[in-house]
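Note sheet for the following structure.
Throughout, read-outs are computed from the coordinates displayed, never taken from laboratory work. These numbers come from a predicted model, not from an experiment. Note: ideal-geometry Cβ built from the backbone for every residue, glycine included; neighbour counts use all protein chains shown.
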Amino acid sequence: MDHHFSIAGIRWLWRYARLRGAASGWAYFLDPSNPAAGRKILIDSSLRGRARLEIEIHEFTHASNPTLSEEHVDRQGKDLAKILWALGYRLPKT
């Protein structure tokens, strides 16, 4: 299922899909050679629970702060996911 969100005032496509390789998520910025592609965030659809929340935060952080290092983004994703999970944030059962 696709979603569209405004992150830092910029429209992003947010999509859950089965990702290949080791990555659990990707933030794609504009490609000057293909401006029609747009900005998009992909999250591995096989993720569940706190791991999914962590990657969602991680990719959002990349989109909203593109100059941050991978290490900083990774730490923020883990820390915020841990806090939100402890506070009881969960996806509703569907």
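Out of the range 1-88, which trypsin sites (Lys or Arg not before Pro) are coil in DSSP terms and have no more than 11 other C-beta atoms within 10 Å?
Arg18, Arg20, Arg48
For the range 28-94, what relative contact order do you get, as a whole percent, if you take Cα pairs closer than 8 Å and at least 6 residues apart?
Relative contact order here is 28 percent.
Residues with amide H under 5 Å of Ile7's amide H, sequence separation 5 or more or different chain, H placed in the peptide plane at 1.01 Å from N; which?
Trp12
Between Phe29 and Asp79, take the C-beta separation as r, use R0 = 25 Å, and let me know the FRET efficiency to the nearest 0.05.
Approximately 0.55, to the nearest 0.05.
Chymotrypsin sites (Phe, Trp or Tyr not before Pro), restricted to the range 1-72: which are DSSP loop and have at most 16 other Cβ atoms within 10 Å?
Phe29
Taking the 0 to 90 degree range and rounding to the nearest ten, how far is the long axis of helix 70-86 tilted relative to the main principal axis of the chain, both from C-alpha atoms?
So the helix axis and the longest Cα principal axis differ by about 40 degrees.
Would you calculate, for the chain, the mean residue ellipticity at 222 nm contributed by helices, counting each DSSP H stretch of 4 or more residues as -39,500 (n - 2.57) and dividing by all residues, to the nearest 500?
Rounded to the nearest 500, the figure is -11500 deg cm²/dmol.
Over all Cα pairs of the chain, how is the pair count split among 10 Å bins, expressed in % and running from 0 up to the last occupied bin?
P(r) over the chain, rounded to whole percents: 16, 46, 34, 5, 0.
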